[in-house]
Amino acid sequence: MKFLTLDKYILNKIDQILNKLAEFNNNNFKDYFNKIKKKSKVLSDKSINEIELNKCKMELAKKYYVLGKYISTKYYNEKILDFSYDEEYKKMNKEIYQLKEYMKNISS
């Protein structure tokens with residue numbers, strides 16, 4: 001008889017603990033899940049911006065290289081030092097400027 005009462009007592013305690021865990025889990029799990037969703041969204045946005053910024057840096061380096069090659073070719077072939085009337089030179093510089101502005105907007 002005493003053994004049966006002890007079993008009921010233990011079962012009641014286990015039931016109480018499980019109910020408390022269920023309440024805790026239902027309320028807190030939703031909160032934690034929402035926090036994780038927010039943090040992961042922020043992290044993914046930051047990662048995407050970082051990837052885009054690195055891609056732009058590589059593109060900018062390529063544009064600088066092409067511009068430098070254009071200038072050196074013009075100098076060695078035609079001895080040109082003044083590019084103020086050269087439309088191709090202006091176009092390349094405009095592309096570089098636009099890419100730098102885009103990079104500035106991404107990083108802020």
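Just so you know, all these numbers are worked out from the coordinates, no wet-lab data involved. Predicted model, so just to flag it, every value in this text is computed and none were measured. Because the Cβ atoms are built from the backbone with ideal geometry, glycine has one as well, and the counts that use them run over all protein chains shown.
Note down the nm distance, to one decimal, between modelled labels 7 Å out along Cα→Cβ at Ile106 and at Asn12.
Going from the Ile106 label point to the Asn12 one covers 6.6 nm.
Once fully extended, how much extra length lies between Lys38 and Val66, figured as 0.36 nm per residue of separation less the alpha-carbon to alpha-carbon distance?
Full extension of this stretch gives 5.9 nm more.
Can you check what the net charge comes to around Leu43, using other residues whose Cβ is under 14 Å from the Cβ of Leu43 (Lys, Arg +1; Asp, Glu -1)?
+4
What length, rounded to one decimal in nm, is gained on full extension from Lys30 through to Lys46, with 0.36 nm per residue of separation minus their alpha-carbon distance?
Working it through step by step, the gained length comes to 3.3 nm.
Could you tally the net charge around Ile71, taking each other residue with its Cβ under 13 Å from the Cβ of Ile71, Lys/Arg +1 and Asp/Glu -1?
Result for the neighbourhood of Ile71: +1.
So which of Lys46/Lys90; Lys46/Lys91; Lys62/Lys104; Lys62/Lys100 end up more than 22 Å apart, counting from Cα to Cα?
Listed pairs above 22 Å: Lys46/Lys90; Lys46/Lys91.
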